[in-house]
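Colleague: This is the structure I have questions about; it appears just below.
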Amino acid sequence: GQSLEQPSEVTAVEGAIVQINCTYQTSGFYGLSWYQQHDGGAPTFLSYNGLDGLEETGRFSSFLSRSDSYGYLLLQELQMKDSASYFCAVRKVDKIIFGKGTRLHILP
Amino acid sequence: NAGVMQNPRHLVRRRGQEARLRCSPMKGHSHVYWYRQLPEEGLKFMVYLQKENIIDESGMPKERFSAEFPKEGPSILRIQQVVRGDSAAYFCASSPVSGGRGDGYTFGSGTRLTVV
């Protein structure tokens with residue numbers, strides 16, 4: 001089987017930094033992706049880690065450790081528009097399997 | 001450069017009716033994936049198709065659900081004899097390669113199915 005675990009909710013303050021963790025158990029692992037979804041919207045791709053280490057894209061960074069089956073998404077300089085759900089997703093050879101998502105609440 | 005087009009955006013069906021959801025992938029994408037999302041839940045993989053082929057349907061319920069991606073036209077997800085538990089958002093995604101790649105999937109806006 002396969003499983004992805006991430007916190008169901010996280011709360012942070014505008015302007016701060018927040019880290020959303022993800023652990024996974026799966027066979028045939030190719031890499032870890034992160035997606036953002038606003039209420040009523042479609043998931044949008046944020047980042048992908050195929051190798052261990054940190055990937056940075058603007059205010060967002062993502063990290064992967066294959067040996068620990070662990071990754072995280074780091075959001076810096078939080079803005080109110082970052083209030084959304086964030087999904088980690090395991091890329092397998094022919095599909096992507098999503099976690100249940102972390103709802104990020106941002107306080108002014 | 002139209003993205004992934006799904007229609008209808010909202011669909012209401014009575015119990016026992018059929019629902020047909022359509023998805024046109026991005027231009028140049030030949031791989032289509034369907035996902036179902038229940039309220040406050042993640043996206044559950046349903047099926048992966050290429051033109052005229054079902055590659056992986058391991059997430060499809062055994063009965064009432066079917067999917068196709070014909071040589072011409074959009075991919076169709078068909079739900080027969082809908083029940084209240086089928087109410088969900090159904091998202092289609094497309095990719096130029098199997099399993100996506102470093103830039104991930106492109107998702108459509110989804111079809112919100114409500115069964116009354």
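Colleague: Taking a spot 7 Å from the Cα of B:GLN80 along the direction of its beta carbon, which residues of the stretch B:18-58 have an amide N less than 13 Å from it?
Modeller: B:18-19
Colleague: Average partner chain C-beta neighbours within 10 Å, per residue of A:97-106? Before the final figure, lay out the partial values.
Modeller: Values: counts 6, 7, 2, 5, 5, 0, 1, 0, 0, 0.
Per-residue shielding by partner chains comes out at 3.
Colleague: Keeping to pairs on different chains or 8 or more places apart, tell me how many lysine pairs in the stretch B:1-104 have Cα atoms under 17 Å apart. Present the calculation step by step, with values, prior to reporting the outcome.
Modeller: Working: B:LYS27/B:LYS51; B:LYS27/B:LYS71; B:LYS44/B:LYS62; B:LYS51/B:LYS71.
Lysine pairs meeting the criterion: 4.
Colleague: Over chain A, give the accessible area per residue in Å² for a 1.4 Å probe, as an integer. Numbers along the way, then the final one.
Modeller: Working: 5070 Å² over 108 residues.
So chain A comes to 47 Å² accessible per residue, rounded to a whole number.
Colleague: Right, next: Counting other Cβ atoms within 10 Å, keep those with at most 13, restrict to DSSP loop, and tell me which GluC sites (Glu not before Pro) in the stretch A:5-108 are left. Write out the running numbers ahead of the final one.
Modeller: Details: sites: A:GLU5, A:GLU9, A:GLU14, A:GLU55, A:GLU56, A:GLU77; in loops: A:GLU14, A:GLU77.
Passing both the DSSP loop test and the Cβ count: A:GLU14, A:GLU77.
Colleague: Taking all pairs of distinct Cα atoms, average 1/r, flip it, and tell me the Kirkwood hydrodynamic radius of the protein assembly as shown in Å to one decimal place.
Modeller: Numbers: mean 1/r = 0.0556 Å⁻¹.
In the protein assembly as shown this quantity evaluates to 18.0 Å.
Colleague: How many percent of Cα pairs in the stretch B:8-116 exceed 21 Å? Walk me through the intermediate numbers first.
Modeller: On the way: 1771 of 5886 pairs.
Result: 30 percent of Cα pairs exceed 21 Å.
Colleague: By accessible area of protein heavy atoms, probe 1.4 Å, what ranking do B:MET5, B:MET46, A:MET80 get, highest first?
Modeller: Values: B:MET5 105, B:MET46 5, A:MET80 80 Å².
The ordering from most to least exposed comes out as B:MET5, A:MET80, B:MET46.
Colleague: What residues of the stretch A:88-108 lie in the reach of a label at A:GLU5, counting those whose backbone N is under 20 Å from a point 7 Å from the Cα along Cα→Cβ?
Modeller: Once the point is set 7 Å along Cα→Cβ of A:GLU5, A:88-91, A:97-104 turn out to lie under 20 Å by backbone N, inside the stretch A:88-108.
Colleague: Under the rule a/c < 1.5 gives rounded, and otherwise a/b versus b/c splits prolate from oblate, where does the stretch A:38-108 land using the Cα gyration tensor? Present the calculation step by step, with values, prior to reporting the outcome.
Modeller: Numbers: a/c = 2.15, a/b = 1.39, b/c = 1.55.
Note, shape of the stretch A:38-108 comes out oblate.
Colleague: Let me ask something additional. Of chain B, which part is the longest with no trypsin sites (Lys or Arg not before Pro) in a loop (DSSP not H, G, I, E, B) and with at most 11 other C-beta atoms within 10 angstrom?
Modeller: B:72-116
Colleague: How large is the convex hull of the Cα atoms of the stretch A:26-70 per residue, expressed in Å³ as a whole number? Walk me through the intermediate numbers first.
Modeller: Numbers: hull volume 4.2 nm³, N = 45.
Hull volume normalised by residue count: 94 Å³.
The values are calculated or read from the model by the stated rules, or taken from the named source; none is laboratory data. These numbers were taken from a predicted model, which means no experiment stands behind them. Here the Cβ is made from the backbone with ideal geometry for all residues, glycine too, and neighbour counts use every protein chain on show. Calculation scope for accessible area: heavy atoms of the full protein, side chains included, ligands and nucleic acids excluded. Shrake-Rupley method; radii C 1.70, N 1.55, O 1.52, S 1.80 Å.
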